[in-house]
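To keep things clear, I will list the structure first and then write my remarks on it.
Bear in mind these aren't lab numbers, they're just calculated from the coordinates by the rules spelled out. Computed from a prediction, not measured in an experiment: that's the story for all the values here. Neighbour counts run over all protein chains shown; Cβ positions are idealised from the backbone, glycine included.
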Amino acid sequence: MYNFIKQSYYVNMNEFYRNIFDALIMLDGLEKDLNIRHFSPNELRVFYTIITQNALNEEGSNITEIVNCSGMSRSTVYKTLKKLSNEGIINLTQSEDDGRESLITLVGNS
């Protein structure tokens, strides 16, 4: 589908829309490569929040930080974290300081 759109309309798009279109194509490719196309929009939001937080702090984040930064409910974040953990994308380690919290790290970063 993207190839048809790109070939037919791309040349007529202004630069701003071409840049957005190119970014969407790249994002689609990344989601395919990471095998996360099946994620819901809420799950993607939590996942991207984890990536952003991990870039800021390589030691990981806790659930409360992900809840606050994503704007999602704690139950949505928790369900998504369990799914990401089961799929081997993140590691969840119970906090030594607070048993209600877990440290969240990306698998490739732990």
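Taking the stretch 40-73 as the range and being crowded, with 20+ Cβ neighbours inside 10 Å and either of a type in the set (D, E, K, R) or outside any helix (DSSP H, G or I) (or both) as the test, the residues that pass are Gly60, Ser61. Contact map, the stretch 61-80: residues that are touching a residue at least 12 places away in the same chain (Cβ under 8 Å) and within 15 Å of Leu106 (Cα to Cα) paired with residues that are surrounded by fewer than 19 Cβ atoms within 10 Å (Cβ to Cβ) and among the hydroxyl-bearing types (Ser, Thr, Tyr), Cβ distance under 7 Å, separation 6+ or inter-chain. Pairs shown: Asn62/Ser95; Ile63/Tyr78. Quick check on the stretch 12-27. Is at least one of its residues part of a helix (DSSP H, G or I) and touching a residue at least 12 places away in the same chain (Cβ under 8 Å)? Yes, the conditions are met somewhere in the stretch 12-27.
For the structure I just gave you, tell me whether Asn62 is among the polar types (S, T, N, Q), closer than 21 Å to Asp28 by Cα and touching a Ser or Thr at 6+ places or on another chain (Cβ under 7 Å).
Judged against the criteria, Asn62 is not a match.
The residues of the stretch 74-99 that are buried (at least 18 other Cβ atoms within 10 Å of the Cβ) and assigned to a helix (DSSP H, G or I), listed by number, are Val77, Thr80, Leu81, Leu84.
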